[in-house]
Amino acid sequence: MRSKKKNKKNKAASRRGEKALQFFKRATMVLLFVVVTAGGVLVMKMFTEQLRVRDIIVSGNSRLEREDVMGSLKVKRGDSLFSLGFPELRGRLKQNPWIKKVALRKQYPDTLEVRIEEAVPKALLSLNEQLYLVDGEGTRLESIKGETTIFLPVINNIDPGLKREMGEALKLVEAVSGKSAFTDRESIVIGLESYGLTVHIDGEFIKVGYGDYAEKFARWVELEPEIRKKGLPVQYVDLRFKDTVIVKPLEEVKEVKKEKGKALS
């Protein structure tokens with residue numbers, strides 16, 4: 001009996017010892033994990049403290065000053081290079097309408113490289129007695145104050161909110177800008193009427209409508225020298241109809257006015 005009781009006591013003591021050993025092992029693992037984690041955090045903190053922005057290289061800017069780019073970037077010397085997030089930086093830069101594309105690169109240990117691609121002005125937008133530079137997507141880049149010597153086609157009083165009309169006007173700008181016959185012209189003004197787009201080229205009034213702009217102006221460029229040779233005063237030219245150029249002489253208008261005057265007398 002005593003032997004059995006003694007064995008039971010030994011087994012119980014053994015189980016308690018095993019439990020204590022397991023607890024000690026677990027406690028040791030937890031403590032080791034905490035120490036390693038704390039050490040890792042400390043090392044990372046020390047590491048990132050060393051990776052501070054000392055130099056910012058800006059390239060690709062021609063119209064924008066370096067200060068303009070830096071003002072949008074909002075990164076200063078001494079900021080942590082390691083913690084800079086590219087998506088946020090791109091978002092800041094693209095808030096400037098002149099900045100269309102951005103490439104960023106961290107050059108460790110202390111340099112941030114910023115390369116931008118600027119927007120290209122395609123036209124002048126005259127809206128509500130104010131003049132703006134706009135790109136090929138119709139984005140207003142900046143307002144023009146005072147006299148300007150910039151020669152670009154002018155889009156006259158077409159609200160950028162009219163997406164279709166503005167988009168078509170920009171396609172017309174592209175078609176006219178690509179024609180060598182118009183490079184020496186002093187004034188190209190694109191307007192909008194109920195029937196579609198119009199353009200005044202050095203005072204010549206042309207009804208354009210919508211679509212096929214390159215084809216339409218190719219027909220007009222071919223015909224215009226003949227009209228100039230004849231010295232025919234023109235009220236307007238109509239390019240809206242396929243494979244056709246309609247020239248409305250100014251003389252017909254005068255004749256109609258005279259006839260009306262007789263009829264009224």
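Just so it is clear, none of the values below were taken in a lab; they were calculated from the coordinates. Predicted model only: the values in this text are computed from it and were never measured. Reconstructed Cβ throughout: ideal geometry from the backbone, glycine too, with neighbour counts over all protein chains shown.
Do we have any residue at all in region 58-73 that's more than 21 Å from the chain's Cα centre (by Cα) and surrounded by 12 or more Cβ atoms within 10 Å (Cβ to Cβ)? The answer is no, given that none of the residues of region 58-73 is more than 21 Å from the chain's Cα centre (by Cα) and surrounded by 12 or more Cβ atoms within 10 Å (Cβ to Cβ).
If the condition is being exposed (fewer than 14 other Cβ atoms within 10 Å of the Cβ) and assigned to a loop (DSSP other than H, G, I, E, B), then region 177-195 contributes GLY178, THR183, ASP184, GLU186, SER187, SER194, TYR195.
Inside region 201-217, residues that are closer than 13 Å to THR244 by Cβ and among the small types (Gly, Ala, Ser) make up a count of 1. Just checking, does region 54-66 include any residue being without any contact (Cβ under 8 Å) to a residue 60 or more places away in the chain, at positive phi, assigned to a loop (DSSP other than H, G, I, E, B) and not aliphatic (A, V, I, L, M)? There is at least one residue in region 54-66 that is without any contact (Cβ under 8 Å) to a residue 60 or more places away in the chain, at positive phi, assigned to a loop (DSSP other than H, G, I, E, B) and not aliphatic (A, V, I, L, M).
Assessment of region 237-245 against the conditions (within 27 Å of LEU127 (Cα to Cα), without any contact (Cβ under 8 Å) to a residue 60 or more places away in the chain and among the polar types (S, T, N, Q)) yields no matching residue. Just checking, does region 227-249 include any residue being part of a strand (DSSP E or B) and under 19 Å from VAL134 (Cβ atoms)? No: region 227-249 contains no residue that is part of a strand (DSSP E or B) and under 19 Å from VAL134 (Cβ atoms). Residue pairs whose Cβ atoms lie under 6 Å apart, sitting 6 or more positions apart in sequence or on different chains, and linking a residue in region 158-179 that is more than 11 Å from LEU197 (Cα to Cα) to a partner that is surrounded by fewer than 15 Cβ atoms within 10 Å (Cβ to Cβ), are ALA175/ALA214.
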